[in-house]
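To start, the structure itself, in structure tokens.
Every number in this text was worked out from the coordinates using simple rules, so none of it is lab data. A quick note: this is a predicted structure, and the numbers were derived from the prediction, not measured. Glycine gets a Cβ as well: all are built from the backbone with ideal geometry, and neighbour counts include every protein chain shown.
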Amino acid sequence: MNIQEFIEEYLEMSRYVALGSMDGILAVMGVILTASGIASASGSELSNYAIALTGLSGGIALAMSNAFGSFIGERAEEKRNLRELERKMIIDEGQLDDTIIHKQAKKRVYMSMFTHGFSSFIGSFLPIVPFLIFEDKATATITTVILCFIALVILGVYLSKVSYENLFKTSFEIVVIGILISLVSFLIGGSH
């Protein structure tokens, strides 16, 4: 498989691109906003680097969790489909193992694992970048929120194209989810 084929297959797994990206952006933005809020509210000397490291740690854990979760879930689904096909074909269980059908199913399982995990990691990296660039917590926090909402709008555009849904409706839904998560994270972080 060449790189172009790999990218096409990656993008064909749009549900995992969307789920992973959205998980990464929103979860790590939530962690970052909470950590930044706690640091500001408590007057602590928590550095932007420490906040970024906290977000990165959460993002890596999320990416790994999503990757392995997809692997386990998709593997179970593909095995169920394979066994159902064997029953419909009236053949013994396991006779389709090591066939082209089985190999394609395994490829889908590994591709979903990679796509969900990688998209989660890429999405989770975005919220931490401003905390690595800016020294001022307020500037880093505002920049993070702006970058994340721009990414959410782009994700909404992508999903509307994939699903043939209304561009504004899809983007609006995703941005509303982002606002809700931001508010909850900000309130938790600011309450200390």
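May I ask for the Rg/Rh ratio of the range 1-100, computed from Cα atoms with Rh as the Kirkwood radius, given to two decimals? Please list the in-between numbers first.
Working: Rg = 21.1 Å, Rh = 17.1 Å.
Checking Rg against Rh, the ratio lands at 1.23.
Loop-only check: which GluC sites (Glu not before Pro) in the range 1-85 are DSSP coil with at most 13 other Cβ within 10 angstrom? Write down the numbers at each step before the final one.
On the way: sites: 5, 8, 9, 12, 45, 74, 77, 78, 84; in loops: 45.
Here the sparse-neighbourhood loop sites are 45.
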Q. In percent, what relative contact order does the range 86-192 have, based on Cα pairs under 8 Å that are 6 or more apart in sequence?
A. 13 percent
Q | Which of 39, 177, 114, positive extreme of dipole for the range 16-181 (C-beta unit charges) | A | 114
Q) Got a sec? Charge dipole of the chain, +1 on Cβ for Lys and Arg, -1 for Asp and Glu; which of 85, 139, 95 is way out at the positive end? A) 85
(Q) 7 Å from Cα along Cα→Cβ at both residue 5 and residue 107: what's the point-to-point distance in nm? (A) 0.7 nm
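Taking 1 over the mean of 1/r across every pair of different Cα atoms in the range 35-82, what Kirkwood radius in Å do you get?
One decimal place: 13.2 Å for the Kirkwood radius.
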Q. Tell me, what is the percent relative contact order of the range 4-154, built from C-alpha pairs under 8 Å that lie six or more residues apart?
A. 41 percent
Q | FRET efficiency for residue 45 and residue 81, using Cβ-Cβ distance with R0 set to 45 Å, rounded to 0.05 | A | 0.25
Q) How about residue 88: which lysines have a C-alpha closer than 21 Å to its C-alpha, ignoring those fewer than 8 places off in the same chain? A) 79, 103, 106
Q: With only Lys, Arg, Asp and Glu charged, each at its Cβ (+1 for the first two, -1 for the last two), find how big the charge dipole of the range 13-82 is about the Cα centre; round to the nearest 20 debye.
A: 220 debye
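Taking the Cα centre of the range 16-181 as origin, sum charge times position over the Cβ atoms of Lys and Arg (+1) and Asp and Glu (-1), and report the length of that vector in debye to the nearest 20.
Charge dipole, the range 16-181, about its Cα centre: 320 debye, nearest 20.
Taking only DSSP H segments of four or more residues, each worth -39500 (n - 2.57), what value at 222 nm results for the chain once the sum is divided by all its residues, to the nearest 500 deg cm²/dmol?
Details: 7 runs with 162 residues, N = 192.
For the chain, the value works out to -29500 deg cm²/dmol.
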Q) Any idea how far apart residue 98 and residue 138 come out in nm if each label point goes 7 Å out from Cα toward Cβ? A) 6.8 nm
Q: Could you run the Debye sum over the Cα atoms of the range 65-117, one equal point scatterer each and no solvent, and tell me log10 of I(q)/I(0) at q = 0.21, 0.24 Å⁻¹, two decimals?
A: -0.70, -0.83
Q. Once the dipole of the chain is set up with Lys and Arg at +1 and Asp and Glu at -1 on Cβ about the Cα centre, which of 11, 162, 128 lies farthest towards its positive end?
A. 162
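Starting from 0.36 nm per residue, how many nanometres of slack lie between residue 187 and residue 157 once their C-alpha separation is accounted for?
On the way: separation 30, 0.36 × 30 = 10.80 nm, distance 2.90 nm.
Extra length available between residue 187 and residue 157 comes to 7.9 nm.
Arrange the following residues from fewest to most other Cβ atoms within 10 Å of their Cβ: 92, 23.
Arranged by neighbour count, lowest to highest, 92, 23 become 92, 23.
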Q: Excluding residues fewer than 8 places away in the same chain, name every one of the lysines whose C-alpha is closer than 23 Å to that of residue 161.
A: 169
